[in-house]
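Reviewing the structure listed below.
The values are calculated or read from the model by the stated rules, or taken from the named source; none is laboratory data. Treat the numbers as computed from the prediction; the structure is a model and nothing was measured. Note that each Cβ is placed from the backbone with ideal geometry, even for glycine, and that neighbours are counted across all protein chains shown. Accessible surface is based on the protein model in full, side chains and every heavy atom, while ligands, DNA and RNA are left aside. Shrake-Rupley method; radii C 1.70, N 1.55, O 1.52, S 1.80 Å.
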Amino acid sequence: MEKKSKVIALVNQKGGVTKTTTSINLAFGLASRGFDVLLIDGDTQESSLDWSDVRSQSERELTFTIMGMPKSNMAKEIQKVKSKYDFTIIDSAGRQSDLTRQAIVACDVAIVPNSTSAFDAWATKATMNSISEILGYREFSVYLLMSKVNVNTIVFKEVREYLIESYDYPMLDCVIADRTSYQATSGNGLSIYESKDKKAIQDMDVFINELFEKESF
């Protein structure tokens, strides 16, 4: 059967906005739905690969493929392998514009996660500038995502409104709440789907469902 061959990149040059956590759980969630998934660790810090190593030490099965690719030719390398998978997820670099740019060049869908930090929201500008530049010569979808947030705060509403007003790209309706279960599972080489946190699992499922609805995957 022909693969979907879609590339989804989690991109933001600001570190600490849950790119790795979201990438891992997105990959796991898609794999649990029966899709062939490749997770690309595009950061020299190799956080996704570290997670994979912790998982392998506990002899837990990994339901998707993971490989490191923090290379200056990452976009070309992804073009060579994406046809083997339904979805390729890129956990892109933070604080490294060249590697972030490579992830954007390679993707069909760019997801820009933001927390409720005003500093993070301001720092997103560099990534959005790169996205706008690359959209000048190729088409791909762009979505903003609020992640690691507490929706019952004024700062959440303020940062969300700032991002919507500042950038001409849609904000996803779904929200990834700030839950300790994400840190607990990641540190043990697990996904949120292997936890007992039903609300966190629901957050990820709603996220995936919204992507499928918007992109007609």
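Structure above, values below:
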quantity: Some residue of region 181-192 being closer than 16 Å to LEU26 by Cα, in contact with an Asp or Glu (Cβ under 8 Å, 6 or more places away or on another chain) and without any contact (Cβ under 8 Å) to a residue 40 or more places away in the chain; calculated: yes
quantity: Test: residue in region 127-147 that is in contact with a strand residue (DSSP E or B) (Cβ under 7 Å, 6 or more places away or on another chain), open to solvent by 60 Å² or more (accessible area, probe 1.4 Å) and in a helix (DSSP H, G or I); calculated: no
quantity: Selected residue [at pLDDT 95 or above, surrounded by 22 or more Cβ atoms within 10 Å (Cβ to Cβ) and not in a helix (DSSP H, G or I)] from LEU39, LEU30; calculated: LEU39
quantity: So GLN57, is it touching a residue at least 60 places away in the same chain (Cβ under 8 Å) and open to solvent by 50 Å² or more (accessible area, probe 1.4 Å); calculated: yes
quantity: Hits in region 88-102 (condition: under 11 Å from MET74 (Cα atoms) and out of contact with any Gly (no Cβ under 6 Å at 6 or more places or on another chain)); calculated: ASP98, THR100, ARG101, GLN102
quantity: Failed item, numbered, when GLU46 is tested on (1) of a type outside the set (Gly, Ala, Ser); (2) open to solvent by 10 Å² or more (accessible area, probe 1.4 Å); (3) modelled with pLDDT of 95 or more; (4) farther than 15 Å from ILE208 by Cα; calculated: (3)
